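These notes concern the structure reproduced below.
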Amino acid sequence: MFERNQASQDQLISTILKERGDSLEKQRLSFLEMISNLEKSKSHCVTELATHEEDHKILLATLMKTFEDDRESERLKWNQEKSDLLKIREQSLEREKEHQNNETSFRSQLNDLHCQINKKPKKKWYKFF
């Protein structure tokens, strides 16, 4: 009976070990599958990251070129406006000088006319009738 009991226990232990072994094998296979999925996911993420980095570089280069082009355009526009304002200022100064010369000339003519008027003898207006 002891042998039967021993054989029964050995069979029970053998069954338990087999079940545990099967369970461990299932867990091992499950872990391997999870590792495989994680590696695929990692590979996909690395590829996606590389794509995003390349897109980022292209976008940054495009933005920098646009910025530089806009800045150059604004610089040229500002230089043109500055040049126009300097021309207007120069023309304004020339006109002002011309007006001053005209004013001086007119004042001189006016003074000459006053002198001529003052030199003429005054005629009495009532003698005209």
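Among the listed residues LYS124, LYS97, LYS65, LYS87, which satisfies the condition of being open to solvent by 100 Å² or more (accessible area, probe 1.4 Å), at pLDDT below 95 and not aromatic (Phe, Trp, Tyr)? Working first, answer last.
On the way: LYS97 fails: at pLDDT below 95; LYS65 fails: at pLDDT below 95; LYS87 fails: at pLDDT below 95.
After ruling out the rest, the residue left standing is LYS124.
For LYS119, state whether it is loosely packed, with under 10 Cβ neighbours inside 10 Å and not polar (S, T, N, Q). Yes; evaluated as a whole, the condition is true for this residue.
Sort through ILE13, ILE35 and tell me the only one that's open to solvent by 90 Å² or more (accessible area, probe 1.4 Å), part of a helix (DSSP H, G or I) and β-branched (Val, Ile, Thr).
On the way: ILE35 fails: open to solvent by 90 Å² or more (accessible area, probe 1.4 Å).
On inspection, the qualifying residue turns out to be ILE13.
The residues in the range 101-114 that are open to solvent by less than 100 Å² (accessible area, probe 1.4 Å) and within 60 Å of the chain's Cα centre (by Cα) can be counted, and the count is 5.
The values are calculated or read from the model by the stated rules, or taken from the named source; none is laboratory data. Just so we're clear, the structure is a prediction, and the values are computed from it rather than from any experiment. As a convention, Cβ positions derive from the backbone with ideal geometry for all residues, glycine included, and neighbour counts pool all protein chains shown. With ligands, DNA and RNA removed, areas are computed over all heavy atoms of the protein, side chains included. Shrake-Rupley method; radii C 1.70, N 1.55, O 1.52, S 1.80 Å.
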